[in-house]
Every structure is written in structure tokens, then in C-alpha cells.
Amino acid sequence: MSRKVSAEVKKERVNAIKKTLKSMIFPTVFLALIAVGIFLIIKLGQPVEDEPQMVPDKYDGSYDPITLENDKLIFTLYPETTDFTVTVKETGKVWYSTAQDADSDTIALSGEKDKLKSDLLISYKVETGSETTLNSYDYSATRGIYNIESDSNSITIHYSIGDIDREYRIPPVLTEAKYKEILKDLDFNQQIDLKGCFPKKDIKKIKDEDEKAALIEKFPSIENEVLYVATFSNSNVKQTIEKLFYEIGFTDEELEECKALANLDNTSDKPIFKASVTYRLEGSDLVVDVPMSSLDSPHSYRITTLSLLPYMGAGGKVEDGFLLIPEGGGAILRFNNGKKDQNNYYANMYGRDICLKKDDLVHDTRVYYNLFGISEGNNSFLCILENGASYASIQADTSGRLNNYNYVNAVYTIKAYEKYDIPNATSDLFGFNENLPEDEHLTQRYRFVNSGSYVDMAKEYGNYMKEKYGNYLTLNDDTSAPVVFDVVGAADKVRQIMGIPVSRPLPLTTFSQAEEILKDLKASNIDNASVRLSGWCNGGVNQRVLSKTKVLSKLGGKKGLNRLTKTAQELGYDLYLNGITQYAYDSDIFDGFFSYTDAAKVISKQRAELHVFSAVTYALREGTDSYYLLHPDKIYKMMDNLKAAADKYNANVAYEDVGIDLSSDFYRKKPVSREQSMVDQTEKLKTVKDSGTKQMINMGNIYAAPYVDMIVESDLAGTKYTILDEHVPFLELALHGYINYTGEPLNISGNYEEELLTSAEYGAGLMFTIMNESPFTLQDTLYTMYYGCDYSNWKDRIKATYEKYNRELGHIFNQEMVDHDKLTDEVSCTVYKDGTKVYVNYSYEDYTAPDGTVIPARDYKAVR
């Protein structure tokens with residue numbers, strides 16, 4: 001009996017194991033198919049035909065300097081190295097395109113010295129992720145694999161960059177007649193040089209059969225005539241002989257005749273990369289341009305980054321100057337500041353490309369205006385990134401780390417890439433964006449300033465912006481301090497409905513409550529106010545797509561919103577309806593969003609699904625759902641719908657994301673570059689501006705700024721990176737009075753007092769985020785950022801803060817900022833056109849200014 005039971009149990013166990021194994025077959029095969037599919041997409045998604053061998057350029061011209069000149073500048077190119085100088089006529093200041101005396105650098109390795117002497121750096125990757133950087137000095141100029149075209153208006157250098165031998169302009173072989181003809185024209189020393197490098201080869205007198213065979217294969221005519229074959233011991237000798245042939249006027253036709261006598265194989269299996277750089281003068285500016293169409297490389301060697309004039313104006317150990325960094329409003333990195341042990345500076349222009357996958361929490365760097373600069377003594381220049389700025393990152397470093405130079409430059413992303421996650425792969429595999437926008441350019445404009453002051457540099461940038469945007473940048477007529485109130489309408493909260501958790505709108509400020517708040521503010525003589533209404537439709541703050549706008553009935557519905565906009569108009573307040581136009585949160589087909597057609601695509605062709613990460617655990621934040629980046633066409637439709645809703649309710653438009661976030665779309669059938677997205681968004685903003693509707697954006701990327709009426713939540717001072725020495729209001733010096741802006745909302749900034757002082761120093765308006773409900777209402781939600789927004793608790797402080805701020809500074813907002821100075825590390829003085837001085841004291845002790853003004857600790861004061 002026991003044996004029978006034991007056999008049955010054993011049989012049941014075997015059947016269970018078989019069942020388990022069978023259940024695993026499908027998922028295992030399915031996962032394998034996915035892995036194979038991904039691999040095939042990588043390998044076969046872009047069929048590549050055999051490419052023709054890339055032929056390197058070759059410079060056959062004179063090494064005499066080539067110049068461009070106008071009434072302001074002299075540009076001098078030196079063909080032998082392709083570097084150049086720019087001389088400012090008014091001051092005589094000479095700027096160099098590369099680091100001077102790089103060969104004397106005591107800490108730079110040889111490869112680093114070659115970079116310092118280069119006008120172009122490119123990096124490339126292969127599919128397994130290995131990255132290599134090549135420089136134009138060692139891999140092009142010294143090898144002679146470039147060409148130069150010039151006319152009276154411009155000079156273009158066509159670079160071939162690669163690890164290939166230089167082809168010297170020397171005939172490989174000479175006939176006896178040509179040899180004797182040349183010899184007659186040489187002096188004694190030159191004859192010795194020529195004879196030493198062109199030994200006589202008479203096939204009849206050579207006994208070694210292998211040598212004979214080799215010569216006949218390489219020079220077939222040697223069977224019938226005596227030849228003189230080029231033979232060199234090193235490159236220095238080649239340069240000497242090349243110069244000799246140049247000096248005697250050896251023509252291209254003669255060179256080709258000699259080459260025809262030889263069977264030469266000049267092909268190379270090493271990759272060659274191509275790029276063309278054009279220089280031209282425009283008034284006081286040097287304009288440098290790289291057409292995207294000129295960038296070329298073998299398919300398996302993708303150019304990932306390019307840096308143009310990376311060491312122009314680089315300051316050495318003995319120079320006195322600083323680097324101007326576009327961090328926040330502006331920052332100064334002084335030459336030789338000794339901070340070589342700190343991380344170098346690196347930040348993305350306009351933030352990261354949202355369409356590039358992000359799998360974990362990292363610090364997202366951001367600069368929001370398109371320039372950097374270098375000041376040396378009483379001279380300086382601005383490098384303004386024009387075309388292609390959206391691909392750039394700004395990097396800067398002090399001397400002492402890799403070399404003895406202080407430098408700042410832009411690094412452009414050319415072909416973005418993405419690492420594939422393939423199970424059991426033996427090596428990393430990367431996918432690349434192969435759609436290079438050939439009609440685009442990378443353009444850098446160098447504006448030379450006859451001053452070493454960051455104030456004067458800022459004024460030049462302001463002049464540039466006013467020249468570019470004309471009537472879109474005019475002085476405003478504000479007679480009191482601008483203030484923005486961000487009124488939070490509704491959030492969302494999960495509730496149990498018949499035992500099922502369902503997200504429902506949670507009213508925080510109804511429209512009628514918002515009316516009462518605005519009336520209360522107006523009664524306190526707050527006149528120059530703008531109101532941003534957030535969370536007013538489509539579910540609240542975590543708004544669903546704006547395929548259609550549904551005003552929340554719990555806030556008062558359409559009638560309530562109409563009454564609110566009417567009340568705001570009667571009070572003289574500008575009301576802005578805030579909307580999310582680039583993302584789809586908690587949206588489905590019933591909301592007008594189908595992720596397979598409406599979402600942007602990442603490089604792997606998957607939908608651009610985004611996640612929220614925890615700043616504490618660095619993992620995905622619990623309780624949050626993923627969301628999607630929209631395809632550009634969908635974004636523009638959402639912008640139109642938001643504008644239509646604002647028009648319907650006689651309101652203005654506030655964009656939660658336009659003007660701060662900028663993305664590509666790698667959808668294979670209709671790719672959109674990041675630069676094109678910037679151009680298209682800018683055109684949409686311009687159209688709305690021209691219609692008369694006011695616009696408000698966050699942060700304020702510079703391409704959007706001229707077309708909006710208010711920029712909020714600006715990162716005024718930026719991130720306090722240790723390598724930086726000082727933070728200054730550079731952008732504000734350029735544009736104050738022409739664009740209204742605020743810093744972060746004071747009451748939720750994390751440091752109310754610090755943000756207020758920074759606003760005073762930078763000439764910013766004020767901002768507050770408010771709601772009617774108590775913070776306790778937000779318990780068990782993810783909206784902890786609104787805990788400090790209860791209007792009833794904050795209204796007295798808001799009114800007192802604004803009353804003093806407006807009393808001290810209300811008259812300055814229609815004026816240009818004309819000067820700024822750091823009196824100490826913790827005390828600043830900002831000066832306006834009418835002579836008003838605004839002192840800000842960040843220290844915890846009173847400070848007496850040179851004019852006798854006493855500024856209390858942690859306070860500000862205006863002196864008229």
C-alpha cells in the first residue's frame with residue numbers, strides 16, 4: 001500500500017514538473033523572440049550598402065596667409081596649420097583660434113597638446129559603444145588632408161580627419177630627363193637634398209631579383225628607362241623636399257605626369273571623417289559656420305559630438321581674465337582659480353533632450369541662453385550660438401587639470417545614441433539616430449568687445465538681441481513691481497469608490513474662492529499682478545491631454561471660470577490659463593490620446609514613455625504612473641487648443657512646458673530634430689504674440705523669451721557649482737526692462753528670504769503659489785510641494801513683502817539695468833538707468849556702503 005502511494009506521489013510530482021516546464025516554454029520563447037527582434041532591428045533596421053572608399057582632401061596651395069578684412073576686423077588664416085588670428089582694429093587686440101605656446105605646456109600630454117592646437121574636435125562611436133576623439137591638428141593639418149577655398153567674403157576649410165598618412169606634394173618618381181631639368185634650377189645645397197632623396201634606379205644594374213620584381217610592379221616603365229625613385233627617412237625630410245618643389249614652381253600637371261609612372265595604392269581601411277568650416281566677417285563679428293551636410297563618415301563610425309574652436313581665446317597661467325558661463329543669469333570662472341580638484345563645468349543648452357531615454361535619476365543640467373564668453377584684461381568676446389544651439393552643451397575648466405589653460409566651449413551632439421538593454425548580450429550595443437538634418441547648420445558668432453567688464457559684455461548681448469528681434473523687444477511701461485500669483489485650482493486624489501481606488505479631482509481653490517482672493521489682494525494696493533490659473537481643467541494639475549478642454553465642474557464650471565476672468569479684468573489683472581501641451585498624463589483613447597500614434601518615438605523606435613524618479617531612493621517614485629512625450633504635431637495641436645480655450649474665456653495663455661522643455665522625435669517615418677522643434681515652437685509663440693494674446697512660460701529658454709509677456713520660476717542665480725567663483729545678473733543686464741521675469745515662488749522656494757534677496761539683486765518680479773484649502777487636504781497625495789500655499793496663512797506676509805518691495809523697487813521695472821558690482825562676497829549693488837542703486841546684503845551683519853548707505857543684515861535697500 002505504501003509503495004503504491006509512493007508511486008502515485010512520484011507520478012504526481014513528475015506531472016507537476018512537466019506542467020511547470022510546459023508553462024515556461026511560451027514566455028521563454030517569447031523573450032527570446034524579443035531579444036532576436038531587437039538585435040535584428042539594430043543590425044538590419046537600416047540596411048547599408050557597401051560604401052565607396054572615402055577619399056581624403058589634399059591641400060596643394062600656398063602656405064602664405066589668407067586674410068579677410070573690413071573696417072572693424074582683420075582675419076588671418078595660416079594654411080599650414082589652419083589656425084587663425086582675429087585682430088580688432090580699434091584696440092589692436094589679437095585673438096588666437098587655438099591655445100598659444102601649447103607645446104610648452106608642462107602638464108599636458110602630447111595628445112592633449114594636439115587638442116590645444118586644434119580648431120575642431122570630433123568624437124565618434126561604434127555600435128559596441130567604444131568612443132574615440134580626433135583633433136584637426138594631428139589628424140588633418142599635419143597630414144595635409146584638408147583643402148581651402150576662399151574669396152573676398154569668406155574662407156572655407158574642408159577637413160578630412162583620420163589616422164591616415166599625409167600625402168606630400170612630392171612626385172613618387174622622376175624620369176632621368178625631368179631629374180636633370182630640375183637639378184639645373186637648384187643651388188648646391190638643394191642639389192644635395194634632391195640627390196639624397198631621389199636615388200637612381202637602373203633595372204639593368206640591379207642584381208637582386210626580388211628588388212627588380214618589386215620595382216617593375218611599382219614602376220612598370222623602369223624596364224625601358226632609368227628612374228629616380230623618391231626615398232625618405234622621416235617626415236621632416238619630406239617637408240624639406242615638398243618645400244623645394246614648391247619653390248621651383250613644380251606644377252600640378254608635372255606632378256600628375258610623375259604619378260602616372262607609378263602604381264600607387266593610396267586607399268586606407270581606417271575611417272575618414274569630413275567637416276567643412278566657413279569663416280566670414282560681419283561688422284564687428286566673426287561668424288563661423290559648419291553645414292550639417294558637410295559632416296560625413298563611414299556608416300559604422302558615427303560622429304557623436306563636435307566642438308568648434310574649442311580653445312579660442314584660452315587663457316594661460318600668466319593671463320588675467322575670466323570665463324563667462326551662462327549658468328542661471330550668469331557666472332564667472334576666473335582664470336587659474338586653483339579649483340582643479342573640482343568637477344569641470346558642463347551643462348546642456350536648454351536642458352536635456354526629453355526624447356533620449358533616462359533610466360535613472362541624474363542631475364539634469366540646464367542653461368537657458370545661448371552664449372559663453374572670455375574676458376582677458378581690457379578686452380573680451382562673446383560667442384553666441386545661433387544655428388544648432390539646441391544640440392549644444394557648454395563646458396569649461398580652469399587650468400591645472402589636463403593642461404595649463406582656462407577655456408570654455410560648446411560641444412554639439414551630432415548623432416544621438418541610446419544603449420539597448422538586450423538580455424544575455426556579451427557586449428553593449430548602441431542604437432544611433434541616423435537622420436542627420438542636412439539642411440541645418442552649426443553657427444557660432446563671435447562678437448568682440450573693447451572692454452573686459454561683464455557689464456559691457458552684457459550690453460553687447462542686449463544690442464544683439466534687440467537687433468535680432470526688433471519690435472518684439474521694447475521697454476515696458478510698468479510703474480510698479482510685477483507680481484505673479486499661481487492659483488492652484490485642483491489636484492487629484494485617489495478615493496475608494498465601491499472598494500475600487502479611483503483618482504478624482506481634489507478642489508483646492510474654486511473659481512469663486514479665487515475671485516475673493518484677487519479682490520483681497522487688490523484691496524491691499526497690489527496693482528501690477530498677473531494670475532496663473534493651474535489645474536482648472538481635464539482632471540487638475542496632473543492634467544490629461546488637451547485634445548479638448550473640460551473645465552472642472554467642482555471648481556465652478558464654465559460659468560464660474562467666466563466670472564473669474566471677468567473679475568480679473570475688472571481688477572486690472574491679467575489672467576493666464578495654464579496648460580500642459582507636450583505630455584500625456586493619465587490619458588487614454590477616450591481623452592483623445594492613443595500612445596502608438598500620438599507619442600514621440602525614442603531611438604529604439606519605442607514610444608517615449610517617461611517616468612518620475614525619487615530624489616531619495618533614486619528609483620522610480622512609488623505611486624506615480626508613467627506618462628508620454630507627445631509627437632510634435634500633437635504638441636502644436638495642444639498649443640492651438642489651449643489658445644482657443646483662452647480666447648473663449650477672454651483669458652491669456654500660460655504654458656507649463658513650452659519654453660522650458662525641448663525635444664526631438666526619432667519616429668522613423670517623420671523624424672523631427674530638436675532644432676526643428678525649437679524653430680516650430682518659436683513660430684507658434686510668435687503667431688500667438690502677433691494675435692494679441694499674452695503668453696507666460698516657465699524658466700524662459702532664450703528663443704521663446706522675446707515673444708512672451710512674463711517668464712516665471714526663472715533660475716536666477718543658477719546652481720552653485722563649486723568650480724564657479726561668482727554669480728552675476730548677466731542676462732538681466734542685457735534684457736531688464738524688455739522682458740518681465742520672476743524667480744521661484746517665494747513661499748515654496750525652500751528659502752523665502754534668500755529668494756527674495758536674489759530677486760532684488762537680479763531685478764526680478766515676485767511670485768507666490770497660493771490655494772484656498774488647508775495643507776491638511778493634501779494628506780495622502782503626492783502634492784507635498786503645495787504644503788506652503790495656504791493663502792489664509794500667507795496673505796499677511798505676502799502683502800507686507802510686496803508693499804516693501806514695490807516701495808523700494810517699483811520704479812525700476814521699466815528701466816535698463818546699467819551696472820552691477822560685488823562690493824564683497826555677500827553684498828552687491830545693482831544700478832539702473834535713472835541712477836537708482838539697489839544694495840543687497842546676504843550676510844548676517846549690517847554693511848555700510850561706500851556712499852554711507854547702511855544695508856541691514858539679510859536685507860535690501862534702494863537709493864535714488
(request) Scan (1) open to solvent by 70 Å² or more (accessible area, probe 1.4 Å); (2) closer than 25 Å to residue 679 by Cβ; (3) of a type in the set (Phe, Trp, Tyr) for the single condition residue 594 breaks and write down its number. (result) (2)
(request) Give the residue that is farthest from residue 413 (Cα to Cα), with candidates limited to residues of segment 678-699 that are within 17 Å of the chain's Cα centre (by Cα) and surrounded by fewer than 23 Cβ atoms within 10 Å (Cβ to Cβ). (result) 699
(message) Quick check on segment 528-539. Is at least one of its residues in contact with a Ser or Thr (Cβ under 7 Å, 6 or more places away or on another chain) and closer than 19 Å to residue 642 by Cα?
(response) yes
(message) residue 77 - would you say it is among the aliphatic types (A, V, I, L, M), at pLDDT 95 or above and either within 30 Å of residue 446 (Cβ to Cβ) or under 33 Å from the mean Cα position of the chain (by Cα) (or both)?
(response) yes
(request) Say whether the condition of being closer than 23 Å to residue 689 by Cα and basic (Lys, Arg) is met by at least one residue in segment 493-511. (result) no
(request) Those residues that are farther than 23 Å from residue 419 by Cβ and crowded, with 17+ Cβ neighbours inside 10 Å, I need them from segment 597-612; list them, please. (result) 598
(request) Could you list all residues from segment 182-211 that are part of a loop (DSSP other than H, G, I, E, B) and out of contact with any strand residue (DSSP E or B) (no Cβ under 9 Å at 6 or more places or on another chain)? (result) 185, 186, 187, 206, 207, 208
(message) Please count how many residues of segment 786-844 are open to solvent by 10 Å² or more (accessible area, probe 1.4 Å) and in a loop (DSSP other than H, G, I, E, B).
(response) 14
(message) Taking the conditions exactly as written (open to solvent by 40 Å² or more (accessible area, probe 1.4 Å), under 30 Å from residue 666 (Cβ atoms) and not basic (Lys, Arg)), does residue 444 satisfy them or not?
(response) no
(request) Can you tell me which residue among 352, 401 is among the basic types (Lys, Arg) and either under 22 Å from residue 109 (Cα atoms) or open to solvent by less than 30 Å² (accessible area, probe 1.4 Å) (or both)? (result) 401
(request) Of the numbered conditions (1) closer than 21 Å to residue 286 by Cα; (2) in contact (Cβ under 8 Å) with a residue 12 or more places away in the chain, residue 151 fails exactly one; give the number of that condition. (result) (2)
(request) Those residues that are modelled with pLDDT of 95 or more and acidic (Asp, Glu), I need them from segment 742-793; list them, please. (result) 744, 753, 754, 755, 761, 773, 790
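The values are calculated or read from the model by the stated rules, or taken from the named source; none is laboratory data. Computed from a prediction, not measured in an experiment: that's the story for all the values here. Neighbour counts run over all protein chains shown; Cβ positions are idealised from the backbone, glycine included. The accessibility values were calculated without ligands, DNA or RNA, using every heavy atom of the protein model including side chains. Shrake-Rupley method; radii C 1.70, N 1.55, O 1.52, S 1.80 Å.
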